[in-house]
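As structure tokens, the structure follows; a few thoughts come after it.
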Amino acid sequence: MDKLLIEGGHRLQGEAEMSGAKNAALPILCAALLTREPLTLTNVPQLNDIGTMLKLLAQMGVAVQRDGSVVTLDASGLNNPLAPYEMVKTMRASILVLGPLVARCGEAKVSLPGGCAIGARPVDQHIKGLTAMGADIAVEHGYVVARTSRLRGARLFTDMVTVTGTENLMMAAVLAEGETVIENAAREPEVVDLANCLVSMGARISGAGSDVIRIQGVERLHGATHRIMPDRIETGTYLCAAAATGGEIRLTGTSAAYLDAVVDKLMDAGCDIRTEKSPSFEAIVLRAPQRLKAVSIRTAPYPAFPTDMQAQFMALNALAEGTSIIRETIFENRFMHAVELARLGADIRIDGNTAVVQGVAQLDGATVMATDLRASAGLIIAGLVARGETVIERIYHLDRGYERIEQKLTALGATVRRLS
Ligand code: UD1
């Protein structure tokens, strides 16, 4: 299994280009299931999760063409509305095929994703919404089996804000008969990107980006071309990496528009951040102080502080001046990186969903284990600053979500090597 070897102590400096957003690309790839005409996507990141989704769609009968960051999907030959366990277990986002399959084929059999390292993560809200739209759903032998003649528009209310739940229901509703209203909808920018793509395919959607989304069902959708939005979590991760090393970087191909909560906290920590903007171009420039100040955070649905940036901020706080409190309100078990950071010398106390981080002046390299995607990012940030060498094991998580991370970090002056 691959490992990452990092020699700490190098200040990040220079420019890096950010990739398209994994969490926007995954649902948008599934939107191709909704039409018989080709959907062409640009700025698709080259990641293992994207590869898994393309394989899943291909085995359903979707013709997939990929040329670098451009992917064309043609679902005219869709003939197997099945998502098998072997594929779903490696990527929870596979559940995103459920809504489109039921809407287009009137049937679907999708494996339950099961638990994952960061918590139980059930899909009951996806099922509740589709049932309210008239789908007949049973859970049999670990599979969600859904059937319907045609979905009907309905008023849907999710018990909690769920990102992929909102996306699944929105994709189902675009081909349903009549109007669907999703209340308590997720407001994440990736939901808006999906809505924009669906609208360019002929869907009638309003309110995406607010907590009430209205969808007027249409008979059919057509092909389109859509550019995937920039990855705000990748962007935030590189900003944190530069901040931790006292560096100065300029990130292109991205936008600060979706990063208010993260940028605010980095500025509170003492970083100087500005954006360069023209009608066709945007860049974010960060300059870090010698030592960061500790900043407390509380994760919550967008536009509040993203849970996907929590591990990276724990790494920053581990080295910052002062004490910080980190509250995780989205996932019940998302502090596994704390124990690994402690192996590098961090002083972190966990009590339920709260972590108290007492900043230390120095971390020391050690061997640590990545437990999930964003935990890996937090460990890399710590490794970039720790004295000596840090070895990060199980970095397959990283390859799920960060495109060419060693190359990007190396170009910024880090010393990072993959050990096979
Ligand atoms: C998405 C993101 C993930 C991010 C998360 C929260 C993708 C592919 N993944 O995951 O990176 O960390 O949003 O911002 O976009 N829940 C239920 N029942 C449901 C659905 C959700 O109880 O039917 C709970 C979950 O267990 C969790 C909370 O709701 O505690 C929010 O989860 P959700 O927003 O659904 O996360 P994902 O969409 O899976």
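The values are calculated or read from the model by the stated rules, or taken from the named source; none is laboratory data. All figures in this text were calculated on a predicted structure; none of them were measured in a lab. Note that we place each Cβ from the backbone using ideal geometry, even for glycine, and neighbour counts take in every protein chain shown. Remember, those area values only see protein heavy atoms, side chains included, never the ligands or the DNA or RNA. Shrake-Rupley method; radii C 1.70, N 1.55, O 1.52, S 1.80 Å.
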For this session: Just need the relative contact order of the chain here, percent rounded to a whole number, with Cα pairs under 8 Å and 6+ apart.
Result: 21
Exercise. How would you classify the stretch 27-91 from its alpha-carbon gyration tensor, with a ≥ b ≥ c the square roots of the eigenvalues: rounded for a/c under 1.5, else prolate if a/b is greater than b/c, otherwise oblate?
Worked result: oblate
Exercise. Residues in the stretch 21-58 near a label at residue 420, defined as backbone nitrogen under 18 Å from the 7 Å Cα→Cβ point?
Worked result: 48
Exercise. Is any residue of the stretch 70-109 close enough, with backbone N under 16 Å, to a label point placed 7 angstrom from the Cα of residue 150 along the Cα-Cβ axis, and if so, which?
Worked result: 102-107
Exercise. Per residue, how much accessible area does the stretch 369-420 show when a 1.4 Å probe rolls over the protein heavy atoms, in square angstrom?
Worked result: 36
Exercise. Carbon-plus-sulfur fraction of the accessible area of the chain, 1.4 Å probe, in percent?
Worked result: 47
Seminar exercise, completed: Quick note, the stretch 271-420: a/c under 1.5 would make it rounded; otherwise a/b > b/c is prolate and the rest oblate (a ≥ b ≥ c, C-alpha gyration tensor); here it is rounded
For this session: Return one whole number: the accessible area per residue of the stretch 132-212 in Å², for a 1.4 Å probe.
Result: 39
Problem set entry | Net length gained if the chain between residue 79 and residue 367 were fully extended (0.36 nm per residue, minus Cα distance) | 99.0 nm
Exercise. If the label point is 7 Å along Cα→Cβ of residue 354, which residues in the stretch 279-309 have backbone nitrogen under 20 Å from it?
Worked result: 294-301, 305-307
Exercise. Using Cα atoms only, what is the angle between the long axis of helix 373-385 and the major principal axis of the chain, expressed in degrees (0 to 90) to the nearest 10?
Worked result: 20
Exercise. Using 0.36 nm per residue, how much length does the chain from residue 211 to residue 387 gain when fully extended, once their Cα-Cα distance is taken away?
Worked result: 58.8 nm
Exercise. In degrees from 0 to 90, rounded to the nearest 10, what is the angle of the helix 310-319 Cα long axis to the longest principal axis of the chain?
Worked result: 0
Seminar exercise, completed: Result for the stretch 1-71: accessible area per residue, probe 1.4 angstrom, in square angstrom, of 37
Seminar exercise, completed: To the nearest 0.05, the calculated FRET efficiency linking residue 411 and residue 293 through their beta-carbon distance, R0 being 41 Å, is 0.90
Seminar exercise, completed: Helix 163-173: inclination vs the chain longest Cα principal axis, degrees, rounded to 10, gives 20
Problem set entry | Computed [θ] at 222 nm, deg cm²/dmol, the chain (DSSP H ≥ 4; -39,500 (n - 2.57); rounded to nearest 500) | -9000 deg cm²/dmol
